[in-house]
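Here is the structure we will look at, set down as structure tokens.
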Amino acid sequence: MKALKMLPLAMILALAMVFALACSSADDEDDDAPSTSAAQPTAAPAMQPTAAPAMQPTVAPAMTQPTAVPEHTTMGGTVKVVGHAGTFTFVDPHATGLIMTGFVGRQVYEQLFTRDGEFNVQPQLVEEWSTNDDSTVWTFKLREGKMFHNGDPLRVEDVIESIKRNAVLSSISRSYYRGFSGKESVGDVQADIEHMFAKVDDTTLTVTLDKPSSYILTIMAQIDPFMPSVMHEEIYKNPAGGKGDEATKTAMGTGPFKFDEWVPGRGVFLSRNDEFLARDEPNDFLAGKLEVLVDKQEVLVIADHAARGAALQTGEVHFLDDFKLDVAKTLEGDSNIQVQRVGRMNMGTTNWNQWKEPFNNPKVRQAVAIALPIDRIMTAAIGDSEWWQQCAFYIHCGTKWSDGAQGYGDQYQSISGDAERAAAIVEAEGVKGQHVRIISVDSTFIPEAALVIRETLEGIGFTAEILAVDTAASGEMQRAPEPTNWEMSMGWSNFFNGVDPLGPHTNSYTKGRYDSYWQDPGDRAQTIRTKFAEELDFAKQVELTRQYDELYWEEWPRNVAMFSNPRAYRTDVLEGVGNWLYPLVYGVSVKQ
């Protein structure tokens, strides 16, 4: 093995290749779905630092860059934050991709690796790391002096057991570790991967893979969803995660905030970890020095968007994330409130119940994609064009992948839609007059987009209605083994989940997730994923990405457009607020 040393970041990123993942979008909770990685990659040649370019998403012109955060030293006070328009169903980041749970995972826990503002992999709990010549054995040396919130020292055993638990509960990690375990599955994920993890000494562990891969660093740096948080034994010993009556109801990690209390329906309450051992590097998003200046943080639940805006205006809350643009326009008139346009764009999506008519027919799915008037949908749902951009690609536009592979979807999506062409397909396929029920939840983009889409469906020959339900009911309807009470649903995925060709945004909507999703006849998508995982040449990776884009538009087109969601905070209460993908309070102070 190479001598243990710090690997240059450029080398790590250059080594990065992507394994076929079965994973979940930001608003979905994980189920005991089988892995979609049944097709195993063949052994790849030893990886070289120049084998692939750094996996760094570039920023589309319409996006704004995160702003630099000024340094402040004022200590004390309580910051009251309202996050995504939902509630805390779980507080266990291993077990769910729910956005609200991410508030807990990113602040109470730490991981071996995390992401900076450009989504590059950076160390967090790791001090040094190395790999052998063929990248099958990875060695990680932990930072010394790290302690859990109850004063217990961080042990190598805690890291190993947390990673293994995450591999069981997270569909993302489950697919990866099983794919590289070298063991024939016995149906028990933890038993399948037990041999991969070993303690070397009190500060060092190894992970042994059956095939060369550097994507393990990407898995360990997963920031949303299903974060591989390093937990105290009191937490990771509960195998249930987020399931049923035994769901984890508390949290304990080594992070900058302590978990004080979860009050269902009201929120999660955190306090500063005064014993937190921060890194020395400058803070950059979730990497580097995570400095907490406030005494406490209240992460509150206010589901109604108008009520959220009103709470910010009255000072009941200080920091507001994810609300509708009409609320933003109201807030912009308040001199004590700063409204931000989040610098990374989300992806608005549709989804099909492909278990039943009419959307079990790919031509009918294509017809809807052809008909959708992107300009009308986004104007109704988001507003001014500066807040959104068209994207006819299966993942987010504005990355190195779309630069080389985008374009096939243009024949299915146009800025104003083509209702006449779509209506002809609907009639030719014999589904004219069928009834379509559209699931809608009260969130950014979804309700207004659903109204325009209902009108569009009726214009091409369907009858349609909107089913307004809450997030939990939407999930239950889509998870049903025989989903007969809906035909179409609306959703969105955040930027991080859509920059990777094999990431959560698209690949969680194929075989291995729910019976209502596309089942990949002939394993065509899986075949492309596996080839991509084995390929080290960037040009060939782009070609495979193009092939995947073609398959996507021919079988399960669901992208509508990209959009920025607004965020706001009280300038008379807070200072030091940056513009990041998530609302973060690192370096933020409460004015005294």
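The values are calculated or read from the model by the stated rules, or taken from the named source; none is laboratory data. Given the structure is predicted, the values throughout are model-derived calculations rather than measurements. For neighbour counting, all protein chains shown are included, and Cβ atoms are generated from backbone atoms with ideal geometry for every residue, glycine included.
For Ile425, indicate whether it is touching a residue at least 60 places away in the same chain (Cβ under 8 Å), over 30 Å from Leu502 (Cα atoms) and in contact with a helix residue (DSSP H, G or I) (Cβ under 7 Å, 6 or more places away or on another chain). For Ile425, the condition - touching a residue at least 60 places away in the same chain (Cβ under 8 Å), over 30 Å from Leu502 (Cα atoms) and in contact with a helix residue (DSSP H, G or I) (Cβ under 7 Å, 6 or more places away or on another chain) - is met. Restricting attention to segment 496-551 and to residues that are closer than 29 Å to Phe285 by Cβ and of a type in the set (Ser, Thr, Tyr), the residue that is modelled with the lowest pLDDT turns out to be Ser508. Exactly one residue out of Phe103, Phe140, Phe119 is aromatic (Phe, Trp, Tyr), in a loop (DSSP other than H, G, I, E, B) and within 26 Å of Gly288 (Cα to Cα), and it is Phe119. Taking Ala278 as the residue in question, decide whether it is out of contact with any strand residue (DSSP E or B) (no Cβ under 7 Å at 6 or more places or on another chain), under 17 Å from Ser589 (Cβ atoms) and without any contact (Cβ under 8 Å) to a residue 60 or more places away in the chain. Yes.
Exactly one residue out of Gly267, Gly343, Gly309, Gly348 is small (Gly, Ala, Ser), in contact (Cβ under 8 Å) with a residue 12 or more places away in the chain and within 22 Å of Gly76 (Cα to Cα): that is Gly267. Residue count for segment 567-576, restricted to those that are at pLDDT below 95 and crowded, with 24+ Cβ neighbours inside 10 Å: 0. Residues that are farther than 18 Å from Ala371 by Cβ and of a type outside the set (A, V, I, L, M, F, W, C) within segment 441-477 comprise Asp442, Ser443, Thr444, Pro447, Asp470, Thr471, Ser474, Gly475, Glu476, listed in sequence order. The number of residues in segment 64-93 being in contact with a strand residue (DSSP E or B) (Cβ under 8 Å, 6 or more places away or on another chain), modelled with pLDDT under 90 and not aromatic (Phe, Trp, Tyr) comes to 8.
Reported count of residues in segment 195-208, each being part of a helix (DSSP H, G or I) and surrounded by 13 or more Cβ atoms within 10 Å (Cβ to Cβ), is 1.
Does Val292 satisfy the criteria of being at pLDDT below 95 and among the hydrophobic types (A, V, I, L, M, F, W, C)? Spelling it out, it is not the case that Val292 is at pLDDT below 95 and among the hydrophobic types (A, V, I, L, M, F, W, C).
Taking interchain pairs and intrachain pairs at least six residues apart, which have beta carbon atoms under 7 angstrom, with the first residue in segment 144-163 and within 20 Å of Phe197 (Cβ to Cβ) and assigned by TED's automatic domain parsing to the domain that holds Glu233 and the second among the acidic types (Asp, Glu) and in a loop (DSSP other than H, G, I, E, B)? Going by the 7 Å Cβ cut-off, the qualifying pairs are Val156/Asp202. Residues in segment 294-316 that are touching a strand residue (DSSP E or B) at 6+ places or on another chain (Cβ under 9 Å) and under 15 Å from Met100 (Cβ atoms): Gln297, Glu298, Val299, Leu300, Val301, Ile302, Arg308. Is it true that Ala278 is part of a helix (DSSP H, G or I), out of contact with any Ser or Thr (no Cβ under 6 Å at 6 or more places or on another chain) and either surrounded by fewer than 22 Cβ atoms within 10 Å (Cβ to Cβ) or of a type outside the set (A, V, I, L, M) (or both)? No: the conditions fail for Ala278. In segment 210-245, the qualifying residues are those that are at pLDDT 85 or above and in a helix (DSSP H, G or I), and the one that is surrounded by the most Cβ atoms within 10 Å (Cβ to Cβ) is Met220.
Within segment 559-576, residues that are under 25 Å from Phe495 (Cα atoms) and outside the structural domain of Tyr412 (by TED's automatic domain parsing) sit with their Cβ atoms under 6 Å from residues that are in a loop (DSSP other than H, G, I, E, B) and among the small types (Gly, Ala, Ser), at 6+ positions apart or across chains, in these pairs: Gly576/Gly587. Of the listed requirements (1) within 26 Å of the chain's Cα centre (by Cα); (2) over 30 Å from Val342 (Cβ atoms); (3) at pLDDT 95 or above, Pro358 misses just one: (1). Looking only at segment 254-273, which residues are surrounded by 15 or more Cβ atoms within 10 Å (Cβ to Cβ), within 21 Å of His84 (Cβ to Cβ) and among the small types (Gly, Ala, Ser)? Gly255, Gly267, listed by residue number.
Looking across segment 464-490, the residues that are surrounded by 17 or more Cβ atoms within 10 Å (Cβ to Cβ) and touching a residue at least 40 places away in the same chain (Cβ under 8 Å) come down to Thr471, Gly475, Gln478, Pro483, Trp486, Glu487, Met488, Ser489, Met490.
Put simply, of Ser135, Ser162, Ser173 the only residue that is polar (S, T, N, Q) and within 30 Å of Gly343 (Cα to Cα) is Ser173.
The lone criterion from (1) under 27 Å from Glu118 (Cα atoms); (2) at pLDDT 95 or above; (3) aliphatic (A, V, I, L, M) left unmet by Ile395 is number (2). Taking segment 335-351 as the range and being buried (at least 24 other Cβ atoms within 10 Å of the Cβ) and in a strand (DSSP E or B) as the test, the residues that pass are Asn346, Met347, Gly348.
As for segment 526-540, it holds no residue that is touching a Lys or Arg at 6+ places or on another chain (Cβ under 8 Å) and surrounded by fewer than 20 Cβ atoms within 10 Å (Cβ to Cβ). Among the numbered criteria (1) touching a strand residue (DSSP E or B) at 6+ places or on another chain (Cβ under 8 Å); (2) part of a loop (DSSP other than H, G, I, E, B); (3) within 26 Å of Ala278 (Cβ to Cβ), which one does Gln592 miss? Among (1) touching a strand residue (DSSP E or B) at 6+ places or on another chain (Cβ under 8 Å); (2) part of a loop (DSSP other than H, G, I, E, B); (3) within 26 Å of Ala278 (Cβ to Cβ), Gln592 violates only (1). Where helices (runs of 4 or more DSSP H) fall entirely within segment 479-560, those with at least 1 residues that are in contact with a strand residue (DSSP E or B) (Cβ under 7 Å, 6 or more places away or on another chain) are at 504-507. The selection criterion, being assigned by TED's automatic domain parsing to the domain that holds Gly253, among the aliphatic types (A, V, I, L, M) and over 27 Å from Pro225 (Cβ atoms), does not hold for Ala191. Screening segment 353-410 for helices (runs of 4 or more DSSP H) wholly inside it with 3 or more residues that are assigned by TED's automatic domain parsing to the domain that holds Asp515 and among the small types (Gly, Ala, Ser) returns the ranges 362-371, 400-405.
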